[in-house]
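Quick notes on the structure that follows.
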Amino acid sequence: MIYLDHNATTPVDPAVAEAMARFLKDHFGNPSSLYPIGRQVKELLSGARERVACAIGASRGEIFFTGSGTEADNFALFGVLNALPERDELVVSSIEHPAIMESARYLERRGVKVTYVPVDSFGTVDLDALRDALTPRTALISVMHANNEIGTIQPIDKVARIARERGIPVHTDAVQSFGKIDVDVDKLGVDLLTVSAHKIYGPKGVGALYIRKGTNIHPYIHGGHQERRLRAGTENTAGIVGFGEAVRVLEEKGKKERVRIEGLAETLKAGIEAKIPKVRFNGHPEKRIKSTLNFAFPGLEAEAILLALATKEIYVSTGSACSEESEEVSHVLLAIGLKPEIARSAVRMSLGRANTDEDIAVILRELPGIIDKLRKITAFNPDA
(Lines give C-alpha, C1' and ligand atoms only; values in the text may rest on other atoms or scores of the structure.)
Protein backbone atom coordinates (compact mmCIF):
# COMPACT_ATOMS: atom_id res chain seq x y z
CA MET A 1 0.00 0.00 0.00
CA ILE A 2 1.14 3.51 -0.86
CA TYR A 3 -0.77 6.05 1.21
CA LEU A 4 -0.80 9.60 -0.15
CA ASP A 5 -3.67 11.12 1.79
CA HIS A 6 -2.00 12.40 4.95
CA ASN A 7 -3.95 15.67 4.79
CA ALA A 8 -7.09 13.63 5.42
CA THR A 9 -5.59 11.75 8.35
CA THR A 10 -2.35 10.15 9.48
CA PRO A 11 -1.65 6.69 10.91
CA VAL A 12 -1.23 6.69 14.67
CA ASP A 13 2.45 6.70 15.62
CA PRO A 14 3.42 3.50 17.53
CA ALA A 15 4.66 5.59 20.48
CA VAL A 16 1.28 7.32 20.64
CA ALA A 17 -0.59 4.02 20.58
CA GLU A 18 1.63 2.68 23.35
CA ALA A 19 1.16 5.77 25.50
CA MET A 20 -2.62 5.56 25.12
CA ALA A 21 -2.65 1.83 25.85
CA ARG A 22 -0.64 2.35 29.05
CA PHE A 23 -2.97 5.13 30.09
CA LEU A 24 -6.11 3.07 29.47
CA LYS A 25 -4.60 0.14 31.39
CA ASP A 26 -3.37 2.11 34.40
CA HIS A 27 -5.76 5.05 34.74
CA PHE A 28 -9.50 5.46 34.82
CA GLY A 29 -10.00 8.34 37.25
CA ASN A 30 -12.00 11.45 36.42
CA PRO A 31 -9.59 14.40 36.25
CA SER A 32 -12.18 16.55 38.03
CA SER A 33 -12.08 14.32 41.12
CA LEU A 34 -10.02 15.47 44.11
CA TYR A 35 -8.78 12.09 45.29
CA PRO A 36 -5.44 10.63 44.10
CA ILE A 37 -6.53 8.61 41.06
CA GLY A 38 -8.32 11.66 39.70
CA ARG A 39 -5.41 13.98 40.44
CA GLN A 40 -3.02 11.63 38.64
CA VAL A 41 -5.08 11.92 35.47
CA LYS A 42 -5.31 15.68 35.93
CA GLU A 43 -1.51 15.86 36.03
CA LEU A 44 -1.23 13.84 32.82
CA LEU A 45 -3.70 16.17 31.10
CA SER A 46 -1.73 19.16 32.33
CA GLY A 47 1.43 17.66 30.89
CA ALA A 48 -0.23 17.19 27.49
CA ARG A 49 -1.59 20.73 27.64
CA GLU A 50 1.90 22.03 28.36
CA ARG A 51 3.35 20.14 25.39
CA VAL A 52 0.76 21.49 22.95
CA ALA A 53 1.19 25.00 24.34
CA CYS A 54 4.99 24.95 24.04
CA ALA A 55 4.77 23.62 20.49
CA ILE A 56 2.97 26.78 19.32
CA GLY A 57 4.62 29.29 21.64
CA ALA A 58 1.63 29.64 23.97
CA SER A 59 1.14 29.27 27.71
CA ARG A 60 -0.63 26.25 29.19
CA GLY A 61 -3.63 28.29 30.31
CA GLU A 62 -4.30 29.35 26.71
CA ILE A 63 -4.92 25.80 25.42
CA PHE A 64 -8.47 24.39 25.47
CA PHE A 65 -8.99 20.79 24.40
CA THR A 66 -11.90 19.96 22.10
CA GLY A 67 -13.33 16.90 20.38
CA SER A 68 -11.84 17.81 16.98
CA GLY A 69 -10.42 20.57 14.84
CA THR A 70 -13.92 21.20 13.52
CA GLU A 71 -15.21 21.75 17.04
CA ALA A 72 -12.34 24.12 17.77
CA ASP A 73 -13.19 26.14 14.65
CA ASN A 74 -16.85 26.30 15.69
CA PHE A 75 -15.79 27.26 19.22
CA ALA A 76 -13.75 30.17 17.86
CA LEU A 77 -16.47 31.57 15.59
CA PHE A 78 -19.50 31.11 17.83
CA GLY A 79 -17.64 31.91 21.03
CA VAL A 80 -16.36 35.27 19.81
CA LEU A 81 -19.56 36.32 18.05
CA ASN A 82 -21.65 35.46 21.10
CA ALA A 83 -19.31 37.51 23.27
CA LEU A 84 -19.63 40.57 21.02
CA PRO A 85 -23.38 41.03 20.43
CA GLU A 86 -22.84 44.61 19.27
CA ARG A 87 -20.80 43.26 16.33
CA ASP A 88 -22.61 41.15 13.77
CA GLU A 89 -20.12 40.77 10.94
CA LEU A 90 -17.64 38.01 10.15
CA VAL A 91 -14.83 38.01 7.58
CA VAL A 92 -13.39 34.74 6.21
CA SER A 93 -11.40 33.76 3.14
CA SER A 94 -13.15 32.14 0.19
CA ILE A 95 -11.10 28.93 0.48
CA GLU A 96 -11.66 27.99 4.13
CA HIS A 97 -12.15 24.41 5.32
CA PRO A 98 -15.80 23.28 5.53
CA ALA A 99 -15.57 23.60 9.33
CA ILE A 100 -15.37 27.36 8.82
CA MET A 101 -17.40 27.69 5.62
CA GLU A 102 -20.44 25.78 6.90
CA SER A 103 -20.31 27.60 10.23
CA ALA A 104 -20.19 30.92 8.37
CA ARG A 105 -23.20 29.95 6.25
CA TYR A 106 -25.12 28.96 9.36
CA LEU A 107 -24.30 32.32 10.93
CA GLU A 108 -25.52 34.03 7.75
CA ARG A 109 -28.87 32.30 8.15
CA ARG A 110 -28.96 33.67 11.70
CA GLY A 111 -28.51 37.24 10.50
CA VAL A 112 -24.71 37.65 10.65
CA LYS A 113 -23.18 39.43 7.67
CA VAL A 114 -20.35 37.29 6.29
CA THR A 115 -17.80 38.59 3.81
CA TYR A 116 -15.88 35.97 1.83
CA VAL A 117 -12.55 37.54 0.83
CA PRO A 118 -11.27 36.44 -2.60
CA VAL A 119 -7.89 34.85 -3.32
CA ASP A 120 -5.56 35.06 -6.30
CA SER A 121 -4.77 32.27 -8.76
CA PHE A 122 -2.29 30.76 -6.29
CA GLY A 123 -4.83 30.75 -3.46
CA THR A 124 -3.35 33.69 -1.52
CA VAL A 125 -5.87 35.93 0.22
CA ASP A 126 -6.32 39.44 -1.20
CA LEU A 127 -5.18 41.70 1.64
CA ASP A 128 -6.63 44.85 0.07
CA ALA A 129 -10.02 43.19 -0.24
CA LEU A 130 -9.75 41.99 3.35
CA ARG A 131 -8.95 45.48 4.56
CA ASP A 132 -11.92 46.90 2.62
CA ALA A 133 -14.24 44.27 4.15
CA LEU A 134 -13.63 45.43 7.72
CA THR A 135 -16.10 47.71 9.48
CA PRO A 136 -16.69 48.80 13.10
CA ARG A 137 -19.17 45.90 13.31
CA THR A 138 -16.64 43.20 12.35
CA ALA A 139 -16.42 40.74 15.25
CA LEU A 140 -13.80 38.32 13.90
CA ILE A 141 -11.52 37.52 10.97
CA SER A 142 -10.86 33.82 10.25
CA VAL A 143 -8.25 32.92 7.62
CA MET A 144 -6.68 29.47 7.53
CA HIS A 145 -2.89 29.19 7.92
CA ALA A 146 -2.42 26.65 5.12
CA ASN A 147 -5.03 25.32 2.73
CA ASN A 148 -5.94 21.66 3.03
CA GLU A 149 -6.43 21.13 -0.73
CA ILE A 150 -3.64 23.11 -2.40
CA GLY A 151 -1.27 23.78 0.51
CA THR A 152 -0.96 27.55 -0.01
CA ILE A 153 0.31 29.31 3.12
CA GLN A 154 -1.49 32.55 3.97
CA PRO A 155 0.25 35.73 5.21
CA ILE A 156 -1.42 35.48 8.60
CA ASP A 157 1.01 37.91 10.22
CA LYS A 158 -0.11 40.58 7.73
CA VAL A 159 -3.76 39.71 8.29
CA ALA A 160 -3.22 40.12 12.03
CA ARG A 161 -1.47 43.45 11.54
CA ILE A 162 -4.43 44.79 9.58
CA ALA A 163 -6.81 43.47 12.24
CA ARG A 164 -4.91 45.04 15.12
CA GLU A 165 -5.28 48.47 13.51
CA ARG A 166 -9.06 48.01 13.87
CA GLY A 167 -9.11 46.16 17.18
CA ILE A 168 -10.52 43.00 15.58
CA PRO A 169 -9.54 39.52 16.83
CA VAL A 170 -8.09 36.99 14.36
CA HIS A 171 -8.56 33.24 14.24
CA THR A 172 -6.56 30.89 12.05
CA ASP A 173 -7.19 27.21 11.35
CA ALA A 174 -3.67 25.73 11.58
CA VAL A 175 -4.76 22.10 11.32
CA GLN A 176 -2.86 21.56 8.05
CA SER A 177 0.23 23.61 8.97
CA PHE A 178 0.88 22.34 12.51
CA GLY A 179 3.66 19.77 12.33
CA LYS A 180 4.59 20.66 8.73
CA ILE A 181 5.91 24.20 9.19
CA ASP A 182 6.70 26.30 12.24
CA VAL A 183 3.58 27.58 14.00
CA ASP A 184 4.08 30.31 16.60
CA VAL A 185 1.10 32.28 17.87
CA ASP A 186 3.12 35.39 18.66
CA LYS A 187 4.90 35.48 15.31
CA LEU A 188 1.56 35.00 13.56
CA GLY A 189 -0.08 37.57 15.83
CA VAL A 190 -3.34 35.64 16.14
CA ASP A 191 -5.82 35.61 19.01
CA LEU A 192 -7.20 32.14 18.35
CA LEU A 193 -5.69 29.12 16.58
CA THR A 194 -6.95 25.60 15.85
CA VAL A 195 -4.90 22.36 15.84
CA SER A 196 -5.85 18.69 15.60
CA ALA A 197 -4.21 15.49 16.85
CA HIS A 198 -4.99 13.13 13.99
CA LYS A 199 -3.11 15.27 11.46
CA ILE A 200 0.16 14.78 13.39
CA TYR A 201 0.01 10.98 13.90
CA GLY A 202 -2.15 11.23 16.99
CA PRO A 203 -5.65 9.87 17.68
CA LYS A 204 -8.88 11.03 16.11
CA GLY A 205 -11.44 12.72 18.32
CA VAL A 206 -9.25 15.36 19.95
CA GLY A 207 -8.26 18.88 18.92
CA ALA A 208 -7.38 22.11 20.66
CA LEU A 209 -8.14 25.80 20.44
CA TYR A 210 -5.55 28.34 21.46
CA ILE A 211 -7.22 31.41 22.98
CA ARG A 212 -4.90 34.32 23.71
CA LYS A 213 -5.24 35.56 27.27
CA GLY A 214 -7.68 38.47 27.37
CA THR A 215 -9.66 37.45 24.29
CA ASN A 216 -13.38 38.07 24.74
CA ILE A 217 -15.09 34.72 24.16
CA HIS A 218 -18.13 32.91 25.52
CA PRO A 219 -18.39 29.21 26.44
CA TYR A 220 -19.09 26.89 23.53
CA ILE A 221 -20.43 23.88 25.48
CA HIS A 222 -22.23 24.56 28.74
CA GLY A 223 -22.18 22.33 31.79
CA GLY A 224 -19.41 21.66 34.28
CA HIS A 225 -16.22 23.52 35.03
CA GLN A 226 -13.95 21.61 32.61
CA GLU A 227 -11.58 23.62 30.38
CA ARG A 228 -11.97 26.66 32.63
CA ARG A 229 -15.76 26.59 32.05
CA LEU A 230 -15.40 27.38 28.35
CA ARG A 231 -15.85 23.82 27.06
CA ALA A 232 -17.79 21.67 29.50
CA GLY A 233 -17.82 17.88 29.50
CA THR A 234 -15.55 15.15 30.85
CA GLU A 235 -12.34 15.28 28.86
CA ASN A 236 -11.28 12.65 26.31
CA THR A 237 -8.42 11.76 28.62
CA ALA A 238 -6.84 8.97 26.55
CA GLY A 239 -7.06 11.07 23.40
CA ILE A 240 -5.48 14.08 25.09
CA VAL A 241 -2.63 11.93 26.42
CA GLY A 242 -2.16 10.63 22.87
CA PHE A 243 -2.16 14.19 21.54
CA GLY A 244 0.58 15.12 23.97
CA GLU A 245 2.65 12.11 22.96
CA ALA A 246 2.18 12.92 19.27
CA VAL A 247 3.57 16.39 19.94
CA ARG A 248 6.52 14.87 21.82
CA VAL A 249 7.32 12.62 18.84
CA LEU A 250 6.94 15.61 16.54
CA GLU A 251 9.49 17.54 18.58
CA GLU A 252 11.86 14.57 18.50
CA LYS A 253 11.90 13.80 14.78
CA GLY A 254 9.61 16.31 13.09
CA LYS A 255 12.18 18.62 11.48
CA LYS A 256 14.32 15.80 10.10
CA GLU A 257 11.27 14.02 8.69
CA ARG A 258 9.92 17.27 7.26
CA VAL A 259 13.04 17.74 5.14
CA ARG A 260 12.88 14.15 3.89
CA ILE A 261 9.15 14.29 3.07
CA GLU A 262 9.49 17.62 1.27
CA GLY A 263 12.30 16.11 -0.82
CA LEU A 264 10.08 13.19 -1.81
CA ALA A 265 7.25 15.55 -2.73
CA GLU A 266 9.50 17.71 -4.90
CA THR A 267 10.74 14.59 -6.72
CA LEU A 268 7.15 13.47 -7.29
CA LYS A 269 6.07 16.91 -8.52
CA ALA A 270 8.97 17.19 -10.96
CA GLY A 271 8.36 13.66 -12.22
CA ILE A 272 4.64 14.18 -12.85
CA GLU A 273 5.28 17.44 -14.69
CA ALA A 274 7.98 15.81 -16.82
CA LYS A 275 6.17 12.57 -17.63
CA ILE A 276 2.55 13.66 -18.08
CA PRO A 277 1.49 16.25 -20.69
CA LYS A 278 -1.30 18.78 -20.14
CA VAL A 279 -1.06 18.67 -16.36
CA ARG A 280 -1.75 21.72 -14.19
CA PHE A 281 -0.27 22.23 -10.73
CA ASN A 282 -2.59 24.05 -8.31
CA GLY A 283 -1.21 26.14 -5.46
CA HIS A 284 1.56 28.62 -4.80
CA PRO A 285 4.91 27.62 -6.37
CA GLU A 286 6.84 28.50 -3.19
CA LYS A 287 4.63 29.64 -0.30
CA ARG A 288 2.93 26.33 0.34
CA ILE A 289 3.09 23.17 2.38
CA LYS A 290 5.56 21.27 0.23
CA SER A 291 4.13 17.85 1.11
CA THR A 292 0.78 18.78 -0.47
CA LEU A 293 0.52 18.34 -4.24
CA ASN A 294 -2.63 19.16 -6.19
CA PHE A 295 -2.72 18.41 -9.92
CA ALA A 296 -5.48 18.85 -12.48
CA PHE A 297 -5.51 16.40 -15.40
CA PRO A 298 -7.69 18.11 -18.04
CA GLY A 299 -9.98 15.78 -19.92
CA LEU A 300 -10.51 13.40 -17.02
CA GLU A 301 -12.62 12.97 -13.90
CA ALA A 302 -10.63 12.85 -10.67
CA GLU A 303 -12.70 9.94 -9.39
CA ALA A 304 -11.63 7.79 -12.34
CA ILE A 305 -7.98 8.54 -11.58
CA LEU A 306 -8.48 7.81 -7.88
CA LEU A 307 -10.14 4.45 -8.57
CA ALA A 308 -7.52 3.44 -11.14
CA LEU A 309 -4.73 4.21 -8.69
CA ALA A 310 -6.58 2.30 -5.96
CA THR A 311 -6.37 -0.87 -8.06
CA LYS A 312 -2.60 -0.49 -7.67
CA GLU A 313 -3.03 0.11 -3.91
CA ILE A 314 -2.05 3.76 -4.32
CA TYR A 315 -4.41 5.95 -2.33
CA VAL A 316 -4.92 9.64 -3.13
CA SER A 317 -7.74 12.15 -2.69
CA THR A 318 -9.95 14.33 -4.86
CA GLY A 319 -9.93 17.15 -2.28
CA SER A 320 -11.02 17.70 1.30
CA ALA A 321 -11.85 14.48 3.14
CA CYS A 322 -14.69 16.39 4.81
CA SER A 323 -16.41 16.85 1.43
CA GLU A 324 -15.19 13.79 -0.47
CA GLU A 325 -18.68 12.29 -0.82
CA SER A 326 -20.14 15.53 -2.16
CA GLU A 327 -20.68 15.90 -5.90
CA GLU A 328 -19.98 19.62 -5.69
CA VAL A 329 -16.91 21.00 -7.40
CA SER A 330 -14.18 22.09 -4.98
CA HIS A 331 -14.88 25.64 -3.84
CA VAL A 332 -11.14 26.08 -3.37
CA LEU A 333 -10.30 25.30 -6.99
CA LEU A 334 -13.16 27.45 -8.27
CA ALA A 335 -11.93 30.31 -6.05
CA ILE A 336 -8.48 30.24 -7.69
CA GLY A 337 -10.09 30.54 -11.11
CA LEU A 338 -10.32 26.98 -12.44
CA LYS A 339 -13.20 26.14 -14.75
CA PRO A 340 -15.51 23.49 -13.26
CA GLU A 341 -14.46 20.84 -15.79
CA ILE A 342 -10.79 21.40 -14.91
CA ALA A 343 -11.52 21.45 -11.16
CA ARG A 344 -13.26 18.08 -11.49
CA SER A 345 -10.04 16.58 -12.82
CA ALA A 346 -7.93 17.56 -9.79
CA VAL A 347 -6.24 15.02 -7.56
CA ARG A 348 -4.51 15.75 -4.25
CA MET A 349 -1.47 13.82 -3.08
CA SER A 350 -0.30 14.51 0.47
CA LEU A 351 2.85 12.79 1.69
CA GLY A 352 3.87 11.72 5.18
CA ARG A 353 6.30 9.76 7.34
CA ALA A 354 5.54 6.34 5.87
CA ASN A 355 6.39 7.34 2.29
CA THR A 356 9.67 6.25 0.73
CA ASP A 357 11.78 6.75 -2.39
CA GLU A 358 10.38 3.47 -3.68
CA ASP A 359 6.82 4.80 -3.31
CA ILE A 360 7.66 7.75 -5.52
CA ALA A 361 9.27 5.50 -8.10
CA VAL A 362 6.17 3.29 -8.21
CA ILE A 363 3.81 6.25 -8.63
CA LEU A 364 5.92 7.75 -11.42
CA ARG A 365 5.91 4.35 -13.12
CA GLU A 366 2.15 3.76 -12.81
CA LEU A 367 0.49 7.18 -13.04
CA PRO A 368 1.56 8.23 -16.57
CA GLY A 369 0.15 5.04 -18.05
CA ILE A 370 -3.09 5.42 -16.13
CA ILE A 371 -3.56 9.00 -17.33
CA ASP A 372 -2.72 8.07 -20.91
CA LYS A 373 -5.15 5.14 -20.89
CA LEU A 374 -7.98 7.18 -19.38
CA ARG A 375 -7.47 10.00 -21.86
CA LYS A 376 -7.65 7.59 -24.77
CA ILE A 377 -11.09 6.38 -23.73
CA THR A 378 -12.59 9.77 -22.88
CA ALA A 379 -14.45 11.93 -25.37
CA PHE A 380 -12.86 15.11 -23.97
CA ASN A 381 -9.98 16.56 -25.99
CA PRO A 382 -7.36 18.17 -23.70
CA ASP A 383 -6.04 20.14 -26.69
CA ALA A 384 -9.38 21.81 -27.32
Would region 54-64 turn up any residue that is without any contact (Cβ under 8 Å) to a residue 60 or more places away in the chain and either more than 29 Å from residue 254 (Cα to Cα) or among the polar types (S, T, N, Q) (or both)? no
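Being outside any helix (DSSP H, G or I) and in contact with a Leu (Cβ under 9 Å, 6 or more places away or on another chain) is the filter; apply it to region 58-75 and report the residue that is surrounded by the most Cβ atoms within 10 Å (Cβ to Cβ).
Going through region 58-75, the residues outside any helix (DSSP H, G or I) turn out to be 58-59, 63-68.
When the remaining residues are screened for being in contact with a Leu (Cβ under 9 Å, 6 or more places away or on another chain), the result is 58, 63-66.
Values: 58: 22, 63: 23, 64: 22, 65: 24, 66: 28.
So, considering only residues that are outside any helix (DSSP H, G or I) and in contact with a Leu (Cβ under 9 Å, 6 or more places away or on another chain), the one surrounded by the most Cβ atoms within 10 Å (Cβ to Cβ) is 66.
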Residue pairs, Cβ under 7 Å, 6 or more apart or interchain, first in region 161-174 and more than 21 Å from residue 195 (Cα to Cα) and assigned by TED's automatic domain parsing to the domain that holds residue 217, second among the charged types (D, E, K, R) and assigned to a helix (DSSP H, G or I). List them. 162/131
Test result for residue 109, out of contact with any helix residue (DSSP H, G or I) (no Cβ under 6 Å at 6 or more places or on another chain), farther than 27 Å from residue 197 by Cα and assigned by TED's automatic domain parsing to the domain that holds residue 196: yes
Of the listed residues (217, 153), the one being surrounded by 18 or more Cβ atoms within 10 Å (Cβ to Cβ), closer than 27 Å to residue 291 by Cα and assigned by TED's automatic domain parsing to the domain that holds residue 117 is 153
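Quick check on region 246-285: of everything there that is hydrophobic (A, V, I, L, M, F, W, C) and part of a loop (DSSP other than H, G, I, E, B), which residue is farthest from residue 123 (Cα to Cα)? Talk me through it step by step, then tell me what you get.
Going through region 246-285, the residues hydrophobic (A, V, I, L, M, F, W, C) turn out to be 246-247, 249-250, 259, 261, 264-265, 268, 270, 272, 274, 276, 279, 281.
Retained after the next criterion (residues that are part of a loop (DSSP other than H, G, I, E, B)): 276, 279.
Working: 276: 24, 279: 18 Å.
Ranking the candidates gives 276 first.
Please state which one of 251, 301, 245 is touching a helix residue (DSSP H, G or I) at 6+ places or on another chain (Cβ under 9 Å), touching a residue at least 12 places away in the same chain (Cβ under 8 Å), of a type in the set (Asp, Glu) and surrounded by 18 or more Cβ atoms within 10 Å (Cβ to Cβ).
Values: 251 fails: surrounded by 18 or more Cβ atoms within 10 Å (Cβ to Cβ); 301 fails: surrounded by 18 or more Cβ atoms within 10 Å (Cβ to Cβ).
Testing whether each residue is touching a helix residue (DSSP H, G or I) at 6+ places or on another chain (Cβ under 9 Å), touching a residue at least 12 places away in the same chain (Cβ under 8 Å), of a type in the set (Asp, Glu) and surrounded by 18 or more Cβ atoms within 10 Å (Cβ to Cβ) leaves just 245.
If I filter region 76-102 down to residues being among the polar types (S, T, N, Q) and surrounded by fewer than 24 Cβ atoms within 10 Å (Cβ to Cβ), which single residue comes out as nearest to the chain's Cα centre (by Cα)? Spell out the reasoning first.
Within region 76-102, the subset among the polar types (S, T, N, Q) is 82, 93-94.
In the following step, the residues that additionally are surrounded by fewer than 24 Cβ atoms within 10 Å (Cβ to Cβ) were identified as 82, 94.
Working: 82: 24, 94: 15 Å.
Of everything passing the filter in region 76-102, 94 is nearest to the chain's Cα centre (by Cα).
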Residues of region 178-202 satisfying the condition of being under 18 Å from residue 231 (Cβ atoms) and touching a residue at least 60 places away in the same chain (Cβ under 8 Å): 192, 193, 194, 195, 196
Pull up region 222-242, narrow it to residues that are polar (S, T, N, Q) and not in a helix (DSSP H, G or I), then point me to the one that is surrounded by the fewest Cβ atoms within 10 Å (Cβ to Cβ). 234
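Taking only region 278-293 into account, find how many residues are within 17 Å of residue 370 (Cα to Cα) and modelled with pLDDT of 95 or more. Before the answer, list the steps.
Let us first name the residues in region 278-293 that are within 17 Å of residue 370 (Cα to Cα), namely 278-280.
Next, from what is left, pick out any that are modelled with pLDDT of 95 or more: 279-280.
Count: 2.
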Determine which member of the set 283, 233, 242, 271 is assigned by TED's automatic domain parsing to the domain that holds residue 26 and under 25 Å from residue 353 (Cα atoms). 242
Criterion (among the small types (Gly, Ala, Ser) and in contact (Cβ under 8 Å) with a residue 40 or more places away in the chain) met by exactly one of 133, 104: 133
Please determine whether any residue of region 318-328 is crowded, with 19+ Cβ neighbours inside 10 Å and modelled with pLDDT of 95 or more. no
Residue list for region 165-184, restricted to those being crowded, with 22+ Cβ neighbours inside 10 Å and under 30 Å from residue 355 (Cβ atoms): 172, 173, 174, 175, 176, 177, 178, 179, 180, 183
Those residues of region 65-81 that are closer than 15 Å to residue 175 by Cβ and either in contact with a Lys or Arg (Cβ under 8 Å, 6 or more places away or on another chain) or small (Gly, Ala, Ser) (or both) come to a total of 8
Which residues, taken from region 1-39, are surrounded by fewer than 15 Cβ atoms within 10 Å (Cβ to Cβ) and part of a helix (DSSP H, G or I)? 14, 18, 21, 22, 24, 25, 26, 36, 37, 39
Only one of (1) touching a residue at least 60 places away in the same chain (Cβ under 8 Å); (2) under 22 Å from residue 214 (Cα atoms) fails for residue 120. Which number is that? (2)
All conditions in (1) part of a loop (DSSP other than H, G, I, E, B); (2) over 21 Å from the mean Cα position of the chain (by Cα); (3) free of Cβ contacts under 8 Å to residues at least 60 places away in the same chain are true of residue 328 except (2)
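The values are calculated or read from the model by the stated rules, or taken from the named source; none is laboratory data. Bear in mind the structure is a predicted one, so any value in this text is a computation, not a measurement. Note that we place each Cβ from the backbone using ideal geometry, even for glycine, and neighbour counts take in every protein chain shown.
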